[in-house]
Every structure is written in structure tokens, then in C-alpha cells.
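The values are calculated or read from the model by the stated rules, or taken from the named source; none is laboratory data. Note that the structure is predicted; figures quoted are calculated from it, not measured. Note that each Cβ is placed from the backbone with ideal geometry, even for glycine, and that neighbours are counted across all protein chains shown.
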Amino acid sequence: MNLAFLAETLAAPKPALASLPEERLIAAWSATVEAFLDPASPERRSLDPHLLGSSRLSSEGLEAALAAVLGGVKEAPFRSLVRAAAGRRTPEAGFVLAILAGNLPGLAVQPLAAALALRLPALVKSPSSEPWFAPAFISALAEREEALSDAYAAATWPGGDLEVEAPILERAGRVLAYGDQATLDDLARRAPDKLFGYGPKTSLGIVGAVERREIPEIAAGLARDVALFDQRGCLSIAAVYTTLSGPQAIELADALAAELARLARIWPPGPAEPQALAAVQQLRLAAELHGLQVRGSSAAEGTVIVEPEGRFVPSPGLRTVRIHPLDDWARLPDLLAPWADRIQGVALAGADAESLRPRLAALGVSRFAPPGELQHPDASWHNGGVHPLDALLG
């Protein structure tokens, strides 16, 4: 594929896209999303074998992951996005370059939905570890609406290749990039006025004063927010802070471990990488040696550790969670201050936990939700604190 020619083609005016009736646009998008939500569809039957290998998720885990990602861009949320885009002034030339990371399957739909709502052409750079979803989705979209056929494309190339990327970055009007900080810093040097970056982040659960009878339901929600995507998403819960003390904190840990074990049967974890497995086993052993409460019969069923120290430490993965009991919420912002702008979302339970929203938002938290709903944002989510349409318009 001649990427320079592709960039030139995408940067050219797209009168068919600009004049496409709103209802036809919504119908094509919605039908494509529904097809990719259906495991029995031709699109999914041809795609799933590739995604199973690249995502390192079980078939059940992959199904849950795609349902979460695609569910946020179904007809109703996409229609709202299209209406929010109406009347916004867009560039007359250029296109959106969306550079994806490989940690979540189906991530391409998020920048594509925003670009389509604004009638902006887009080029999706798929990660080399997962080059299948974006081209399959864009192809299916073009089959349903011919006016989109010359406005959206997907390709894969070695990231950071200066010669390959120079003509693409030159013609792109906006660059949306997901990735590690080194990748974002490099792009910022080469496309300083065009880049909007989504760097690596993590998420938390916060459980305040709740009734004892509420603990099982809260634990079930937290477990879903841990297990989905095998804890590899930016909205995956890595730790839980709670003012529940003594026996109630242990009760929360027991309930969370039981729910993680249950989900391990419903959404079995994918194959564990040796480094991650070693890190979890070392963490479990160290916790036991220090006399901490450790729950979870094996790494495959998840791990819950009651950690009296309040300092936040990222999870090693494999559905591993530390529960930090606190005697006073006033301590929490200071404990999390070193992680300012690196905490993406918080699952909140309890009225006193809800009261923390303003102070957490000041640390850069961009999503709040009840336990179990954190990993299900829709197309209007202000990822990084910015509306998705504003991220593309600068």
C-alpha cells in the first residue's frame, strides 16, 4: 500500500461524505456495529480467530470485551454524537490520523465514531499486534454506504518510521494517538500542533460507608470492572480504597475474591504471560510473608490482597487487586497525588465516596460510574477530560 498516496487521497475534499444524509449515515454505522456485535455474523466469524490470537483473551472474554466496546457506539449513543456534531465547523482539508494501541480489541470504533459524526475522513493505524479489526470494520461500513468508501481506511506500518510517517503527518489535520509516553512524546515533536494523546492510565474503586447487605452487589460490580479485558484497559480497576474497617473490609475482600472466581468460570482469563504470572506469584508470596490477608485460590481465579498501607501501587495484572482500608477520606487525595493525570476512572459506591468527585476530578479523573459500569462508557465520554469531538477539532 502506497501510504503517501493514501494520505493524499484522504486529504482531498469529500463532497459525497459532506452531503450524506444524516439518517443514511446513522443507519450504515448502526448496522455495521450490530454485525460486529453478533458472533454469528459473517464479519465476526472471519474476524474472531484472528482476534483470539492477538487479544490473548478467551473466547468468552473476547465476546464480553467486544460487547463493552461496541455497546458504547450503538445507534442511540452514535445518534447523539452526530447531533452534537451538527453545525460544528470542520477543516476543509486534511484527515484524522488515529494511531491505536494493542491492548483492547475494537478500539478503532471510538475515533471512527467521532470522525464520522464530524464528516472528517480518517486513517486508522492499527497496531502490528492486531491489524485485523479496523480494516474489517471499515470495509463492512463502506459496503453498507458507498459514500464512505474513499473517506476511511486502515493500515499497519512500523510506528516511528520517519520516512513512512512524514507524508502522513504532513497531510493529516489532526492526530489522535493511544500509546505509551515515549510514543506520544515522539509524535508531539513531529506533529506539535496536531496531536491529542491518550497515554497509559489506570483506574480505581472507592467504597465508602455502605450497608452490609450491599457488599455482595458492590463486590460483583467491582469484579466485573477488574475482569473485563483481563484487567488491561485504562478503565480496569487496579485497587480499591474503602473506609470499611476491620471485619467489613475483610468481608469486602472475601466477596470480591468470590466474584472474581465466579467470573473466571464465565469469562475465563486468556493465556498468562510468564512475566505477569511470576509477578503475581511473587506478590502473593510477599503478602503472605508479611501476614497480609490474601484471597484467591490461584492466580487464574484472581488475587485480592488487603493492604493496610495506603500508597497506590499499580496492579501486576491477571485480575489482581489490592484493597486499602482508610480511616479518613481526607488522606486519599494526598495518597493519589503522585498519580495525578494517570488515573482514568473511579467506580464509586456510598454517598461519602460520591462526595470525593470534585477532588478526584482535580487529579485528572475523567470518568465516574457505579461498580460494574466503569468499563462501559458511551461515545460521548470525555476521555482525558475532553469531549471526543473537541479532541478531533482541537
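Scan segment 189-198 and tell me whether some residue there is closer than 16 Å to Thr303 by Cβ and either out of contact with any helix residue (DSSP H, G or I) (no Cβ under 9 Å at 6 or more places or on another chain) or in the same structural domain as Asp161 (by TED's automatic domain parsing) (or both).
So in segment 189-198, the residues closer than 16 Å to Thr303 by Cβ come out as none.
Taking every residue of segment 189-198 in turn, none turns out to be closer than 16 Å to Thr303 by Cβ and either out of contact with any helix residue (DSSP H, G or I) (no Cβ under 9 Å at 6 or more places or on another chain) or in the same structural domain as Asp161 (by TED's automatic domain parsing) (or both).
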Revision key, fill the gap. Across (1) surrounded by fewer than 20 Cβ atoms within 10 Å (Cβ to Cβ); (2) under 20 Å from Leu228 (Cα atoms), Ile250 clears everything bar (2)
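Give me the helices (runs of 4 or more DSSP H) completely within segment 1-45, filtered to those with at least 3 residues that are under 19 Å from Pro131 (Cα atoms) and not charged (D, E, K, R), ordered by residue number.
Working: elements: 3-11, 15-18, 22-37.
By residue number, 3-11, 22-37.
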Practice item. Out of the residues in segment 248-299 that are touching a residue at least 40 places away in the same chain (Cβ under 8 Å) and of a type in the set (Val, Ile, Thr), state the one that is nearest to Ile323 (Cα to Cα). Key: Ile250
Study note, to complete from the structure: Checked segment 152-170 for anything closer than 12 Å to Leu3 by Cβ, free of Cβ contacts under 8 Å to residues at least 40 places away in the same chain and not charged (D, E, K, R); matches are Thr156, Pro158, Ala166
Exercise for review: Determine whether segment 235-243 contains at least one residue that is hydroxyl-bearing (Ser, Thr, Tyr), within 30 Å of Arg359 (Cα to Cα), modelled with pLDDT of 95 or more and outside any loop (DSSP other than H, G, I, E, B).
Suggested key: yes
Exercise for review: Among the helices (runs of 4 or more DSSP H) lying completely within segment 71-153, list those that include at least 2 residues that are touching a Pro at 6+ places or on another chain (Cβ under 8 Å).
Suggested key: 109-117
Review point. Quick one: Arg83 ticks every box in (1) surrounded by 23 or more Cβ atoms within 10 Å (Cβ to Cβ); (2) over 16 Å from the mean Cα position of the chain (by Cα) bar one, so which box is it?
Key: (1)
Review point. How many residues are out of contact with any Asp or Glu (no Cβ under 7 Å at 6 or more places or on another chain), loosely packed, with under 15 Cβ neighbours inside 10 Å and within 25 Å of Ser54 (Cβ to Cβ) if we restrict to segment 256-290?
Key: 6
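Quick one: how many residues across segment 189-232 are part of a helix (DSSP H, G or I), among the acidic types (Asp, Glu) and surrounded by fewer than 18 Cβ atoms within 10 Å (Cβ to Cβ)? Step through it out loud before you land on a result.
Going residue by residue through segment 189-232, those that are part of a helix (DSSP H, G or I) are 189-190, 212-231.
Then drop every residue that is not among the acidic types (Asp, Glu), which leaves 214, 217, 225, 230.
If we keep only those that are surrounded by fewer than 18 Cβ atoms within 10 Å (Cβ to Cβ) too, we end up with 214, 217.
Number of matching residues: 2.
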